[in-house]
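*Asks:* After the structure tokens below, expect a handful of questions from me.
The values are calculated or read from the model by the stated rules, or taken from the named source; none is laboratory data. The structure presented is a predicted model; accordingly, all values stated were derived computationally and were not measured. Ideal geometry is used to build each Cβ from the backbone, glycine not excepted, and the neighbour counts take in all protein chains shown.
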Amino acid sequence: MPGEHDEELTAESTPGFKVGEKKTIDEYQQLDAQDESLRKWKESLGLGSTANSISDPNDPRLCIILSLGLEVEGRSDIIIDLSNPGAVDTLKDKPFTIKEGVQFRMKVTFKVQHQILAGLKYLQVVKRGPLSDKHQEMVGSYGPSTVEKPFYEKKFETETAPSGMMGRGHYTATSRFVDDDNKEYLSFKWAFDVKKDW
């Protein structure tokens, strides 16, 4: 909710970028069929004639974040399940361990319902003591999930865990998923420990 988040956890705007006019799926379907690039864009969003939406009419949410994961080569993924009610409530009290200096990549799985999701972004602030680090990742725009593609997965850029005596320790993080209109779909706090070994 507005006012409850750190000021540093707001989406950065891109100079010169203007959010386009929102349209319904039906409106997009009626747009110029002769425009090849528009046709390909609609197909990339799953808006082709074969799309079988699996939107739940009893669930008004546009975007449902299912999980946040951490990939490290040669190890099993660390998955934070966000799909169950109350799943985010205990995350900050159950830190996971990352080995210092390893390269890792975060990934998110999510479902889209009812309409096109435009400009989903992942915002994160990681803190250790008085120090903080802000990160923003563009996830993208997506059409409603379908029988053929029941969920989406987006892998982020590779990062390197802190290392050395100054890098090891306990970290807390706040994460948010927002769209182009800064509408929030999920916000949660979590924690991890950077150690010499797993």
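*Asks:* From the list Asp77, Asp81, Asp59, pick out the single residue that is closer than 20 Å to Lys183 by Cα and not aromatic (Phe, Trp, Tyr).
*Replies:* Working: Asp77 fails: closer than 20 Å to Lys183 by Cα; Asp81 fails: closer than 20 Å to Lys183 by Cα.
None of the other options fit; the residue is Asp59.
*Asks:* So, one more: Considering only residues that are closer than 17 Å to Ala191 by Cα and either part of a loop (DSSP other than H, G, I, E, B) or over 18 Å from the mean Cα position of the chain (by Cα) (or both), look in region 31-88 and name the one that is modelled with the lowest pLDDT.
*Replies:* First, the residues of region 31-88 that are closer than 17 Å to Ala191 by Cα: 67-71, 77-82, 86-88.
Then keep just the ones that are either part of a loop (DSSP other than H, G, I, E, B) or over 18 Å from the mean Cα position of the chain (by Cα) (or both); that gives 77, 82, 86.
Values: Asp77: 94, Leu82: 90, Gly86: 80.
Among residues in region 31-88 that are closer than 17 Å to Ala191 by Cα and either part of a loop (DSSP other than H, G, I, E, B) or over 18 Å from the mean Cα position of the chain (by Cα) (or both), the one modelled with the lowest pLDDT is Gly86.
*Asks:* Return yes or no: is Thr158 hydroxyl-bearing (Ser, Thr, Tyr), out of contact with any Lys or Arg (no Cβ under 8 Å at 6 or more places or on another chain) and touching a residue at least 24 places away in the same chain (Cβ under 8 Å)?
*Replies:* Details: hydroxyl-bearing (Ser, Thr, Tyr): yes; out of contact with any Lys or Arg (no Cβ under 8 Å at 6 or more places or on another chain): no; touching a residue at least 24 places away in the same chain (Cβ under 8 Å): yes.
So Thr158 fails the test.
*Asks:* OK, next. Taking the condition closer than 17 Å to Phe156 by Cα and either touching a Lys or Arg at 6+ places or on another chain (Cβ under 9 Å) or surrounded by fewer than 11 Cβ atoms within 10 Å (Cβ to Cβ) (or both), does Leu62 pass?
*Replies:* Details: closer than 17 Å to Phe156 by Cα: no; either touching a Lys or Arg at 6+ places or on another chain (Cβ under 9 Å) or surrounded by fewer than 11 Cβ atoms within 10 Å (Cβ to Cβ) (or both): yes.
Answer is no for this residue.
*Asks:* So, one more: Exactly one of (1) in a strand (DSSP E or B); (2) at pLDDT below 90 is unmet by His135. Its number?
*Replies:* Status for His135: all satisfied but (2).
*Asks:* Being surrounded by fewer than 16 Cβ atoms within 10 Å (Cβ to Cβ), charged (D, E, K, R) and either under 20 Å from the mean Cα position of the chain (by Cα) or outside any loop (DSSP other than H, G, I, E, B) (or both), is that true of even one residue in region 160-179?
*Replies:* no
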